[in-house]
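Asks: The structure under discussion is supplied below as structure tokens; questions concerning it will follow.
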Amino acid sequence: MAERTLCIIKPDAVERNLTGAVLKMVQESGLKVVGIKMLQMSEQQAGGFYAVHKARPFFEDLCRFMCSGPIVVAVLEADNAVKRYRDLMGATNPANAAEGTIRKAYAQNIERNSVHGSDSLENAAIEIAYFFSNLELVG
Ligand code: IDP
């Protein structure tokens, strides 16, 4: 079934000029980009986006990192897009990420791990709506 999921290229990757390299891996895996833009979040926006992680010890650091520089947000579409993109990202900690994954190739550490991807179809819809209006998505 065709699904949509949210991809974020995080500040560590944008800063190292890896946006094109990450998008190449995404597109070559068969995930289609149906919306994309660059922006820099405020701390408040980052807090809202990661609200589910509020209780976790790394929450404040994560929000500070995510608004420390520009990010690229993209909506990806494909059959089983949520799982396919999660598999392509690799494990949260790059030390555990498999060969061929984005995080294995580019992540610096467990926090600065280059990419975000929605973890369920339900969260994908919420996360896409956080950044995009329907008018900004094609197809
Ligand atoms: P995910 O991005 O692989 O879905 P989550 O557990 O949802 O991983 O965590 C969200 C983000 O929080 C991670 O991508 C990473 O940037 C950061 N993070 C997760 N665990 C840690 C940690 O133990 N220390 C610092 N940052 C972390």
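Bear in mind these aren't lab numbers, they're just calculated from the coordinates by the rules spelled out. Computed from a predicted model, the values in this text were never measured in an experiment. Because the Cβ atoms are built from the backbone with ideal geometry, glycine has one as well, and the counts that use them run over all protein chains shown.
Asks: Any chance you could list P(r) for segment 3-133, counting all Cα-Cα pairs in 5 angstrom bins from zero, rounded to whole %?
Replies: 2, 12, 22, 26, 24, 13, 3, 0
Asks: Please give the Cα centre distance for segment 10-64 versus segment 90-117, rounded to the nearest Å.
Replies: Centre-to-centre distance over Cα atoms comes out at 13 Å.
Asks: Expressed as a rounded percentage, what relative contact order does segment 3-133 have, with Cα pairs under 8 Å and six or more residues apart? Don't jump to the answer; show the numbers that get you there.
Replies: Numbers: 229 pairs, mean separation 50.5, N = 131.
This gives 39 percent for segment 3-133.
Asks: Treating only the Cβ atoms of Lys and Arg (+1) and Asp and Glu (-1) as charged, compute the dipole magnitude of the chain about its Cα centre; round to the nearest 20 debye. Working shown, then result.
Replies: On the way: 15 positive and 16 negative charges, 38 e Å.
Around 180 debye, computed over the chain.
Asks: OK, next. How large is the helix-only mean residue ellipticity at 222 nm for the chain, computed as the sum of -39500 (n - 2.57) over DSSP H runs with n ≥ 4, divided by its residue count, in deg cm²/dmol to the nearest 500?
Replies: On the way: 7 runs with 55 residues, N = 139.
Counting only the DSSP helices, I get -10500 deg cm²/dmol.
Asks: Can you count the Lys pairs in the chain with C-alpha separation below 25 Å, eight or more apart or on different chains?
Replies: The result is 16.
Asks: If you don't mind, another one. Among 124-131, 32-39, 102-109, what's the highest-first ranking by average C-beta atoms within 10 angstrom per residue?
Replies: Numbers: 124-131: 17.1, 32-39: 15.0, 102-109: 19.1.
Ranking the peptides 124-131, 32-39, 102-109 by packing returns 102-109, 124-131, 32-39.
Asks: Per-residue counts of other Cβ atoms within 10 Å, averaged by peptide: what ranking do you get for 52-63, 89-100, highest first?
Replies: Working: 52-63: 12.6, 89-100: 14.8.
Taking the mean over residues of other Cβ atoms within 10 Å, the ranking is 89-100, 52-63.
Asks: Taking the Cα centre of the chain as the origin and placing charges on Cβ (Lys, Arg +1; Asp, Glu -1), which of Val72, Tyr130, Thr101 is farthest toward the positive end of the dipole?
Replies: Thr101
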